[in-house]
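Down below is the structure, laid out as C-alpha cells.
The values are calculated or read from the model by the stated rules, or taken from the named source; none is laboratory data. Just so it is clear, the model here is predicted, and its values are computed rather than measured. Positions of Cβ are generated from backbone atoms using ideal geometry, with glycine treated the same way; all protein chains shown enter the neighbour counts. Only protein heavy atoms, including side chains, enter the accessible area calculation; ligands, DNA and RNA are left aside. Shrake-Rupley method; radii C 1.70, N 1.55, O 1.52, S 1.80 Å.
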Amino acid sequence: MTIQTTDVEQRVKAIIEPWKGKKGGLIPILQGVQHEFGYLQEDAMEIISRELRIPTAEVYGVATFYAQFHLKPRGRHIIRICRGTACHVRGSLKILERVKEILKIEENGTTDDLRFTLEPVACLGACGLAPVVMINDVTYGRLTPDGIKPILDKHE
Amino acid sequence: MNNITLTIDGKTCDGVQGDTILEVARRNDVYIPTLCFLEGLTPIGSCRMCVVEVEKNPKMLTACTTPAQDGMVVHTQTEKLREFRRQMLELIFAGRNHFCMYCSQSGDCELQDLAIEHGMDSVRYPYLYAGFDNDATHRDIQMDHNRCILCLRCIRVCAEKVGTHTLDLQKRGWNATIVSDLGRRLGESSTCTTCGACAQVCPTGTITLREFAYRGRRKDCDDVVESVCPLCSIGCRIKAYVRTGSIARVEGTSVTEPDGGQLCKKGRWTLPRSAERERISVPMIREGSHYREASWEEALDLVARNFQKAHGADSDGILVSSLCTDEELSLFVSLFKDGLGMERLDTFDGDVLRGFVKGFEPFRRQGVRPFTAAHNILDSDCIVNLSADPDEEAPVIASYMRVGTLRNGASLLNLSCKTSPFADITDVDAVTATPAQSVALVEGLAELVADLKASGSEAQEEGKISVGELAGKTGIPEETVERIINKLAGSQRPVFVLGGCLSRDPGAVTSAVNLAIASRAIFEDGIGVVPLVVSGNSLGTINTVLAKEPWIGRKKLDFLYVYSTGLVPEDEESLSAISGTKFVVVQCPFWAQPLVNFADVLLPAPAWFERSGHYCTIEGERRRLNVVVPPKGEIRGLASILKDLSAGLGVEPEKPKESPCGNLFASEKPPADARMVSLEEVRN
C-alpha cells in the first residue's frame, strides 16, 4: 500500500487548515493525521512543521512524547492483550505467547501484511473477565490460548 | 518599575518587581547553586538545584523561576536544602552513565563541581538507566546521550539564540533523549549550522567539540582573553582560552547580549584552527622560483627602493584587508595617504563597501544615519531580506532573523533574486529572475508604500507606478506585491537586511533605504537597514583606506603593498590585479594561498590573536580586540614596521586624525526626519 506524495500534502493541509494562525493546534492536527493515515509519516510531519512554523524537532518531540502517536504504519486491527495483575495470574502470558506464535510478530510489532498490530497493555479495566483481549473496540473475556485463533480468524 | 526588598540568608537585598529570586540573589552576591539555569535563556527549573525555602511557604521553591516579592524572607543554605540538593544530584547521577573517570570533560563539568560541593560521595539509588548511543555522526560535534542530564540548555540555546531549533527532546521518562530534526542523528540533520553553541552551553560531557577535547580544561587554561571575532561585520565578542602559549578553544562571551554569546561556524572553527596554520615567521625575498630568508633591514630596504621608484612614476598602490583594526588602518593612512600623498589606497572587496557608501550618501548628507545596529532585527515586527544570504555573509544575523521570526512572531519577507535563504519560514517570497527586477521591485515598493503610509485618502499622484505595472515589470504576481505592501504598511518597525551583492548598484542601496523610510523603519540609532558589509572592520575602512573610486585592476602598477590577515580568501579581482603588478610586497601572518605566490617580498605580520585594537561593527559599537597570545620571534607589530619603512622612504607620517569610527554611529538628526531621495541623485 503506497500513498501518493501529492495526495498526502493535500490531505494533511486540509487537516491543518482550520488551525492556521491559531495556537494549540499541533496535537489535534497530529491526531487528525494519524486518524487519516493510521500513523504519522515523516513527510506529513514535515508539512505540519512548515505550515504551522513549528520546528521539525519540536513536532517530533511531541509525537514521540505521547503514547497515542505512532511513527510506523500500524495494522488494520489492533490487538491489545491485557498484562495486568488479574489477567497475568489467569494466564495472559500464554495468550500473548500464542498470538506471537500465530502472527509471527513481537510485542508492539505489526504483521507484514499490515493486518494486525500487537500491543500488550497494562490494564483494560475488565479484571472480572480476566484474561482479557481487545481487538479494535471489541473486548473478549475469559480467554484460553486455544480460544484466540478463531477470534483472530474473524478479522481480515 | 517598583523596587522591592528581600531578605536572603539574613542579608537585605534590593530587587525590582519582576525579578526572580535567583536574579535578586546574584545581583546581591548571594550564592545559589544552579545547573540547568543559564543566564540569557528561559529558566525552566528542571534540575531543582536552585531550590530555596521561603518563610511562610511550606514548599521548596526553585529560585530561577519564582518571582521575588517584596518582604520575602529566603533561606538558601539550610540543612534541609543541602540534603535535598544532594539527593537530587544522586538521582541525576543514577539516571545515566556519570562515571567521571571515563569522561573527557572531567574537571570541566558543572555536574561534577556541584557533586563535590555538596559532598556527594556515594549514590543511594540503583543505576537503572538504559544504555544510549554515543552519537558520533557529526564531523565536529559529538553527543554522548549517556552523559546527558536533560537540562535542556542545548535545546534552549538552539531555539532561542541560534534560532534553528535543530534540537529537541524526544520520548519521555527514562527514555527521553535529545534529538535533532525528525528523529535524526546530529550528523544527518538538515537544519544544524554547526555553530557549536550546544556544546558551549552543555554543563556535562554530553555535547563536546572534538577539536577541543583533551586540549585543556577551561579552568586549567593559563589565560582567558576576551576579544572580537574578525570574520564578519558583526564582530561577535569571543573568549579565547590559552594554554601553554596556544589557543585551546574559542567561545562566545556574554550571554546577556542580544547574540546570547553564540558564535557561528566561522568564528567557532576558523579562529582556533588558524592558530595551527603555517606562519610566515621571518621576512623573505623572492629569488627566482623560491624565497630566501632575509633580515628586516634588507627586506624593508628593498621594499623602500622599489616603492620610491614606483612612487616617482605614480605607479604604486596599497591594498589593505578590511580585517585590520582602526589603529592599523590609521597607520596606513597617516603614512601613505597623508604622509606620501598617495591616492591609491583601498581594501579587498572595496567595491561592495563603495556601493553601500554611495547608496547611503544622500541620507548621510541629510545628517541621518542610514543604518541601524544589527540586533535591532530582534525588535522588529517585519524582517525583510533584500538579496542577502545571511547564513554565509553573517550567520549571527541569520540567527537574529530566525529568532525574530519564529520566537518574536515577526513576519519575514524575501525580496531577492533567485534565492530564498529562509524558504521554510518566509511569509511572502518574492523571488525575481534577474537582479535588475529585484531592484525595480524595491524601487516600486518604496513609492507605493510611501503613498499608502502618507495618507490613505490622497489621490495617487500622476506618473506613479501602479501595483499592476510593478508586477508586470518584475514578474512577481500582483497578489504577492499587494501582500508585501500590506505587510510593510501594517508593521510598526520593519527592518531591512541588505545583502552585499546589492551594493553593486548603489541605486539599489538607495532604493532600499527609501523603502525603509517609506515604511517607517525608524530605530533610535538610525534607519532600519542592516547592510551586510564584508568583514570585521569594513565600516572602519570607510573613513580611512577605502578609495573614492575603484583603481584596482584599472592600470598596471609597478608596486603594490598588500596587507592581508590571511583569514578570509581574497577576491578574484584583487588577486588578478596583484598578479599583474611588477613588484608586490605581501604582509601576511600565514602562508595564505594563492596570495603569497605573487609576492616579491614577504613580510611577517601579527595574526589575529597577536594584535590589539578596535573594530567598528554593524552592531553599532566600537569593540576592542586584545592580544590573546603575545607574538613570538621575528614578528613585529605594524607600527614598528611602518616606522622603519617611513624612515627608509624618508617620509614623516602625519599624525592620525580622528578615530575611523568617528561619525559612523551617530545620527546628527533624528532618524525620523529622514526623507526619501530621488534615485537620479545617485545614478546621475
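Can you tell me the equivalent ellipsoid semi-axes for the range A:7-65? Use √(5λ) from the Cα gyration tensor, largest first, whole Å.
Semi-axes from the Cα gyration tensor: 14, 14, 11 Å.
What's the average, rounded to a whole number, of partner chain beta-carbon atoms within 10 Å of each residue's beta-carbon in B:186-194?
Average neighbour count from other chains, rounded to a whole number: 1.
Given H placed on each backbone N at 1.01 Å, which residues far from residue A:77 in sequence or on other chains put an amide H within less than 5 Å of it?
For residue A:77, the qualifying residues are A:116, A:117.
How large is the accessible surface of residue B:125 in square angstrom, using a 1.4 angstrom probe and rounding to the nearest 10?
Estimated to the nearest 10 Å², residue B:125 gives 60 Å².
What is the calculated FRET efficiency for residue B:28 to residue A:154, with r their C-beta to C-beta distance and R₀ = 60 Å, to the nearest 0.05?
Once rounded, the FRET efficiency stands at 0.25.
Can you send over the solvent-accessible area of residue B:659, 1.4 Å probe, protein chains only, in Å² to the nearest 10?
We get 50 Å² for residue B:659.
Can you work out the accessible area per residue across the protein assembly as shown, with the rest of the protein chains kept in place, probe 1.4 Å, in square angstrom?
Counting only protein heavy atoms, the per-residue value for the protein assembly as shown is 43 Å².
Using a ≥ b ≥ c from the Cα gyration tensor of the range B:192-234 (square roots of the eigenvalues), is it rounded, prolate or oblate, where a/c under 1.5 gives rounded and otherwise the larger of a/b and b/c decides, a/b for prolate?
Taking the square roots of the gyration eigenvalues as a ≥ b ≥ c, the range B:192-234 is oblate.
Put B:343, B:276, A:51 in order of accessible area, largest first, 1.4 Å probe: what do you get?
Solvent-accessible surface, decreasing: B:343, B:276, A:51.
Report for chain B the percent antiparallel among DSSP-assigned beta bridges with both residues inside it, nearest 5.
Given both bridge residues lie in chain B, the antiparallel proportion sits at roughly 55 percent.
At q = 0.24 Å⁻¹, what is the log10 ratio I(q)/I(0) for the range A:77-153, with the Debye formula run over Cα points and no solvent?
-1.11
Roughly speaking, what is the centre-to-centre gap between the range B:519-574 and the range B:20-70 when only Cα atoms are used, to the nearest Å?
48 Å
In nm², what is the average projected area of the convex hull enclosing the Cα atoms of the protein assembly as shown?
45.3 nm²
Give the value in nm², to one decimal: projected area of the alpha carbon convex hull of the range B:3-77, averaged over all directions.
4.4 nm²
Within 10 Å, count the other beta carbons around each residue, average over each peptide in B:606-616, B:332-342, and list them highest first.
B:606-616, B:332-342
So for chain B, taking the charge dipole from beta-carbon charges (+1 Lys/Arg, -1 Asp/Glu), which of B:357, B:68, B:375 sits furthest toward the positive end?
Going by the Cα projections, it comes out as B:68.
When the convex hull of the C-alpha atoms of the range B:636-683 is computed, what volume per residue in Å³ does it have?
169 Å³
Taking a ≥ b ≥ c as the square roots of the Cα gyration tensor eigenvalues, with a/c under 1.5 meaning rounded and otherwise prolate when a/b beats b/c, else oblate, which class fits the range B:387-434?
The shape class here is oblate.
If you add up the charges near residue B:112, with Lys and Arg at +1 and Asp and Glu at -1, over every other residue whose beta carbon is less than 12 angstrom from its beta carbon, what do you get?
Here the count lands on -1.
Starting at the first residue of the range B:286-297, write each ³J(HN,Hα) from the Karplus equation 6.51 cos²θ - 1.76 cosθ + 1.60 with θ = phi - 60°, in whole Hz, x for Gly and Pro.
Taking θ as phi minus 60°, the curve returns 6, 10, x, 9, 9, 10, 10, 5, 9, 7, 4, 4 Hz for the range B:286-297.
Across the range B:671-682, in residue order, what do the Karplus-derived ³J(HN,Hα) couplings come to in whole Hz, using 6.51 cos²θ - 1.76 cosθ + 1.60 with θ = phi - 60° and x for Gly and Pro?
For the range B:671-682, the Karplus curve yields x, 5, 7, 4, 10, 5, 10, 7, 5, 4, 3, 8 Hz.
Considering only DSSP beta bridges with both partners in the protein assembly as shown, what is the antiparallel share in %, to the nearest 5?
Taking every DSSP beta bridge with both residues in the protein assembly as shown, the antiparallel ones total about 55 percent.
Mean 1/r over all different Cα pairs, inverted: what Kirkwood radius does the range B:353-533 give, in Å?
Result for the range B:353-533, one decimal place: 15.9 Å.
Under the definition of partner shielding as Cβ atoms of other protein chains within 10 Å of a residue Cβ, what is the mean value for peptide B:162-169?
4
Determine the shielding of peptide B:173-182 by partner chains: average, over its residues, the number of Cβ atoms on other chains within 10 angstrom of each Cβ.
Mean shielding by partner chains, rounded to a whole number: 4.
Report the label-to-label distance for residue B:473 and residue B:39 in nanometres (one decimal), using points 7 Å from each Cα along the Cα→Cβ vector.
Result: 5.2 nm between the two label points.
What shape does chain B have by the C-alpha gyration tensor, where a ≥ b ≥ c are the square roots of the eigenvalues, rounded means a/c under 1.5, and otherwise prolate means a/b greater than b/c and oblate the rest?
Oblate.
Roughly how many whole Å is it from the C-alpha centroid of the range A:22-80 to that of the range A:89-133?
Spelled out, the Cα-based centre of one part sits 25 Å from the other.
Can you pull the one-decimal nm distance between simple spin-label points at residue B:424 and residue A:136, each 7 Å off the Cα toward Cβ?
A separation of 3.8 nm, rounded to one decimal place.
What is the mean projected area of the alpha carbon convex hull for chain A, to one decimal in square nanometres?
Directional mean of the projected Cα hull area for chain A stands at 10.1 nm².
For residue A:13, what accessible area in Å² do you get when you roll a 1.4 Å probe over the heavy atoms of the protein chains, rounding to the nearest 10?
80 Å²
Let me check something: with ligands and nucleic acids excluded, how do B:290, B:375 order by accessible area (1.4 Å probe), largest to smallest?
My answer, sorted largest first, is B:290, B:375.
Using the C-alpha atoms of the range B:253-363, what convex hull volume per residue, in cubic angstrom, is computed?
Normalising the Cα hull of the range B:253-363 by residue number yields 209 Å³.
Measure off 7 Å from each Cα along the Cα-to-Cβ vector at residue B:273 and residue B:127, then give the distance between these two points in nanometres to one decimal.
Modelled inter-label distance: 3.7 nm.
Per 10 Å bin from zero, what fraction in whole % of the C-alpha pairs of the range B:530-684 is there, up to the bin with the longest pair?
In whole percents, the pair-distance histogram is 8, 28, 38, 18, 8, 1.
Stokes-Einstein at 37 °C, 0.692 mPa s, Kirkwood radius from Cα pairs: D for the range B:482-555 in µm² s⁻¹?
D, rounded to a whole number, is 230 µm²/s.
Quick one: putting +1 on the C-beta of Lys and Arg, -1 on the C-beta of Asp and Glu, what dipole do you get for the protein assembly as shown around its Cα centre, in Debye to the nearest 20?
Using Cβ point charges on Lys, Arg, Asp and Glu, the protein assembly as shown gives about 2320 debye.
Go ahead and run the numbers for FRET between residue B:576 and residue B:548, Cβ-Cβ distance against an R0 of 25 Å, rounding to 0.05.
0.70
Between residue B:389 and residues 5 or more places away or on another chain, which pairs have amide H atoms under 5 Å apart, with H built 1.01 Å from N, and which residues are they?
B:500
Hey, what does the equivalent ellipsoid look like for the range B:147-198, semi-axes from the Cα gyration tensor as sqrt of 5 times each eigenvalue, largest first, whole Å?
17, 13, 9
Could you list the residues of the range B:14-50 with an amide nitrogen less than 13 Å from a label point located 7 Å from the Cα of residue B:117 in the Cα-to-C-beta direction?
In the range B:14-50, the label zone of residue B:117 (backbone N under 13 Å from the point 7 Å along Cα→Cβ) covers B:26, B:30-38, B:48-50.
Pull up the DSSP beta bridges for the range A:17-156 and report the antiparallel fraction as a percent, rounded to 5.
In the range A:17-156, approximately 55 percent of DSSP beta bridges are antiparallel ones.
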